[in-house]
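The structure appears below as structure tokens.
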Amino acid sequence: MKTKRFLGLRRDWGPEEAEAWTKEDWVAIIVSPLAYALLMIGLALFIFLRLDGLIIFLLGIIATIFLHFIIDPKLKAISSEYEKKQREYLNRLELVVRWREDE
Amino acid sequence: MMIRFNFLDWVWLGLYLTLMTGCGLLFYRLGKRSEADFFLAGRGLPWWIPGISVYATHTATDTPMWVSGVIYKYGLRGLWYSFFSAWCAVAAFVSARIFRRSLAYSQAEWQSLRYGGLGGELLRGWMSGWGTFLNMFILGWVSMAMGKLCNYLFGWDNWVGLVIPSIIVAIYVLSAGYWGVVMADFQQGIIAFFIIVFASLWGVKAAGGPAGIITKLNTLGESWRLNPFHFSGFFGGDFPLAWFLTMIFIAVLGGFGMGTSIDWYAEAQRIQSSRTVRDAAYSIWWGTALTLTRNSFWAAAIIAFFVLYPHITDAQQYEMAWYRIAFEQIPAGLAGFLFAGIIAIHFSTISTHLNLGAVYLTRDIYHHYINPEASERRLVMAGRVATAILLLGSFIYGLMMEEITRWLIFALWIMGAGMWLPNILQVIWWRFNSWGYLSAWIANLGFSWLVVWILPAFGVIPELPDYLQFWALMVLTALVYIPVTLLTPPENKFHLAKYYAMTRPIGWWKPIKQEALRLGLIKEGGGR
């Protein structure tokens, strides 16, 4: 089955495949701080009505949209898979807190 | 500066206090259902509720003072000081994901999932004690800032602003727990954001508008203040590039770890209260995005203040820049509205730390060590008692704050610098064990005293700038915990395999992945 891709980055995930750390995660890790910096600096300059501020701010918005576009399908897949196991893990946590982990 | 409220101002304030405490109290029935409700709102929140709570919590009464200080001194370059919070940029997609999957209530509980045996328990005990102390300290610090602000604005004694607002907050934190905190934070965050935007833009307009401010900066020969990349050299001057690169390095790579920022612990509660891994990621990403853009509005207003009052040299004076321009320029009848916004940012911080400190006392100390078989009802009651202890402790800390602040800021610094890398290693490297992590805490304490105080005092080394202290402490501490880790046995593989199956950590975990596969805890390809 063919997977949906954008610029070589995958956009549809089966729940099990999404568990692994892949290049889509690394793209998010790199783009995310860049988006923060562009939004913060761009907005501060744009309040003074500077054109460079507007451009930087718009680049920040584009980076934010791109980031979510790439990572959201994977996060959705991870979340749906993990929710199935959460009850079992919570039970383990309660055993740890009650000093019965290995019973 | 003294503010005189008119009738409309009091109406704003009264309406706001009613809305906020009422909102918190509405959730009384949900908060008392269980320990998970009292501390994590049942782990069922959509991302935008804890997201606004992240923003609201990190907007405290003293935050505009701190931002005013760095922007007035450094211009827009000062924004980079606030960029430390960008650790969330990476944490949202790495450590938040791992921590949310662990389901631990607190960072202390996570220690006993990541590390096993005696070492894990020692770390859990230490982290819960440290967490309780830290929250009490932050409560005292922020409450004292409110006391000083009320003294500045109204001439009230410091203790009034220290005690009264915290007691009002405690009403809804005691009754509804984290449900009350997060729901009050939601409306407090929205109100505070709009008031900050409005008051800041109004200040810019009052200082001559964008064009007028730029002209005045040029006339004063201070146009560099609008350049966020105006470095003073690589190592020298007041804003060296070496500091900037160190800050980016600490902030961004810190997102791979847990506890690399003091804000991690409050974020951990928001991450865990989110209903899914995706909601957890977005809650801290968007909460921090709001925090950083809020700083942009503050920065613009403080630059506006600078052109109105350009030659203040006393830090205590210019640290009030944002408050001054906001209160001095806001239209008549809106001072109460502005003060309501300040109350909002104060309440959100106080409520968070009251509830967060109570997590450690209840979940990690009472539930884990004292009464493991406690009923849900009893645990909620313990949560309320713990909240009351935090509240009383914060008053004592607040009143002592003048004397102890210098010592405690030092304590916070030393807890950060040498622990930065171990906090990352414990997430990304399976071989890093509890003895390595414990030895890092101890070594960091000793080396910090030496590098920051003792050796410079005796002239053995010069007094280093803070970014060089960071590098020195990172290297020196590693010389202790790396050998300790490698010379002591690794954690139990079965324990680690269970942790791996649960959290799927990033980094060097291959032997543990193989063990989890062998035990059938996971399937090849990721799933179970």
Exercise for the section: For segment B:458-476, indicate whether the set of residues that are open to solvent by 20 Å² or more (accessible area, probe 1.4 Å), in contact with a Pro (Cβ under 6 Å, 6 or more places away or on another chain) and free of Cβ contacts under 8 Å to residues at least 40 places away in the same chain is non-empty. Expected result: yes
Exercise for the section: Being aliphatic (A, V, I, L, M), open to solvent by 10 Å² or more (accessible area, probe 1.4 Å) and under 17 Å from A:V97 (Cβ atoms) is the filter here, so list the residues in segment B:119-145 that pass it. Expected result: B:L122
Exercise for the section: Tell me, yes or no, whether segment B:495-509 has at least one residue that is β-branched (V, I, T), closer than 18 Å to B:G119 by Cβ and either more than 14 Å from chain A (Cβ to nearest Cβ) or buried (at least 16 other Cβ atoms within 10 Å of the Cβ) (or both). Expected result: no
Exercise for the section: Show the residue pairs that are 6+ apart or on different chains and have beta-carbon atoms under 7 Å apart, the first residue being within segment B:295-316 and assigned to a loop (DSSP other than H, G, I, E, B), the second being open to solvent by 40 Å² or more (accessible area, probe 1.4 Å). Expected result: B:P310/B:L220
Practice task
Among residues belonging to segment B:262-286 that are more than 19 Å from B:R114 (Cα to Cα) and either assigned to a loop (DSSP other than H, G, I, E, B) or of a type in the set (V, I, T) (or both), point out the one that is farthest from the other protein chains (Cβ to nearest Cβ).
Solution key: B:I262
Exercise for the section: Test B:F306 against the stated conditions and say whether it is open to solvent by less than 30 Å² (accessible area, probe 1.4 Å), within 14 Å of chain A (Cβ to nearest Cβ) and not charged (D, E, K, R). Expected result: yes
Exercise for the section: Could you tell me whether segment B:336-348 includes any residue that is open to solvent by 40 Å² or more (accessible area, probe 1.4 Å) and either within 23 Å of B:Q188 (Cβ to Cβ) or part of a helix (DSSP H, G or I) (or both)? Expected result: yes
Problem - Qualifying positions in segment A:5-21 - open to solvent by 60 Å² or more (accessible area, probe 1.4 Å) and touching a helix residue (DSSP H, G or I) at 6+ places or on another chain (Cβ under 8 Å) - result: A:F6, A:E16, A:E17
Problem - Selection status of B:S175, among the polar types (S, T, N, Q), within 23 Å of the chain's Cα centre (by Cα) and farther than 24 Å from B:W298 by Cβ - result: no
Practice task
Quick one: which residue in B:F27, B:F39, B:F7 is at pLDDT 90 or above and out of contact with any His (no Cβ under 6 Å at 6 or more places or on another chain)?
Solution key: B:F39
Completion exercise
In segment A:41-71, anything in contact with a strand residue (DSSP E or B) (Cβ under 8 Å, 6 or more places away or on another chain) and surrounded by fewer than 14 Cβ atoms within 10 Å (Cβ to Cβ) is listed as A:F69
Practice task
Restrict the check to segment A:25-32 and report whether at least one residue is more than 7 Å from chain B (Cβ to nearest Cβ) and touching a residue at least 12 places away in the same chain (Cβ under 8 Å).
Solution key: yes
Handout entry: Among (1) within 14 Å of chain A (Cβ to nearest Cβ); (2) at pLDDT below 95; (3) crowded, with 21+ Cβ neighbours inside 10 Å, the one test that B:N295 misses
Key = (2)
Exercise for the section: Report yes if some residue within segment B:100-114 is in contact with a strand residue (DSSP E or B) (Cβ under 9 Å, 6 or more places away or on another chain), in a helix (DSSP H, G or I) and touching a residue at least 12 places away in the same chain (Cβ under 8 Å); otherwise report no. Expected result: yes
Handout entry: Residues that are closer than 12 Å to B:F186 by Cβ and in a helix (DSSP H, G or I), drawn from segment B:24-55
Key = B:G24, B:A41, B:W48, B:I49, B:P50, B:G51, B:I52, B:S53, B:V54, B:Y55
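The values are calculated or read from the model by the stated rules, or taken from the named source; none is laboratory data. In this text, all values refer to a predicted model and were calculated from it rather than measured experimentally. Backbone-built Cβ (ideal geometry, glycine too); neighbour counts: all protein chains shown. Ligands, DNA and RNA are excluded from the accessible area calculation, which covers all protein heavy atoms including side chains. Shrake-Rupley method; radii C 1.70, N 1.55, O 1.52, S 1.80 Å.
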